[in-house]
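The values are calculated or read from the model by the stated rules, or taken from the named source; none is laboratory data. The model shown is predicted, which means the values in this text are computed figures rather than measured ones. The area values use the complete protein model at the heavy-atom level, side chains included, leaving out ligands, DNA and RNA. Shrake-Rupley method; radii C 1.70, N 1.55, O 1.52, S 1.80 Å.
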Amino acid sequence: MAHAGSVLIVDDDPSIRGMLAEYLGSHGFRTAEAGDGAAMRVAIEQELPDVVLLDLRLPREDGLSLARFLRERYDVGIIMVTAAGEVIDRVVGLEVGADDYVTKPFDPRELLA
């Protein structure tokens, strides 16, 4: 299978990270995982992904501040993947630099598309 790109999955729930890594990996993506902002920064320094799947509600530092950090420093796609599905949450996520916004629960096929 051809390499489809690289994805960094940033979510504090290890089961969601694992499910996404397995699903995306089975579709040719290289994946890395991070459970919080500090781990995300370490992963980014090791290899800049093509896309970051970023949860909004993370411990210590929320996804909005991490999206700002990413947008200011890197040319990387950002998809917010979060349970925060109110219109204001989506608007703010997109305003800080997310390229798309997928609400939990979701079908992995939606995210792949």
Which of 93, 63, 28 fluctuates most in a GNM of the chain (C-alpha springs under 10 Å)? That residue is 28
If each part is reduced to its alpha-carbon centroid, segment 40-65 and segment 87-111 end up apart, in Å, by 15
In Å², rounded to a whole number, the accessible area per residue of the chain with probe 1.4 Å is 53
Residue by residue through segment 97-111, the couplings from Karplus 6.51 cos²θ - 1.76 cosθ + 1.60 with θ = phi - 60°, in Hz, x for Gly and Pro, are x, 5, 8, 7, 9, 10, 9, 7, x, 9, 8, x, 5, 5, 5
The percentage of the accessible area of the chain (probe 1.4 Å, all protein chains present) made up of carbon and sulfur atoms, to the nearest whole number, is 52
Using eta = 1.306 mPa s and T = 10 °C, Stokes-Einstein with Kirkwood Rh from Cα pairs puts D for the chain, in µm² s⁻¹, at 115
Measure of exposure for residue 13: accessible area at 1.4 Å probe, Å² rounded to 10, is 50
Listed by chain and number, the residues whose amide H is under 5 Å from that of residue 5, excluding neighbours fewer than 5 places away on the same chain and using placed H, are 30
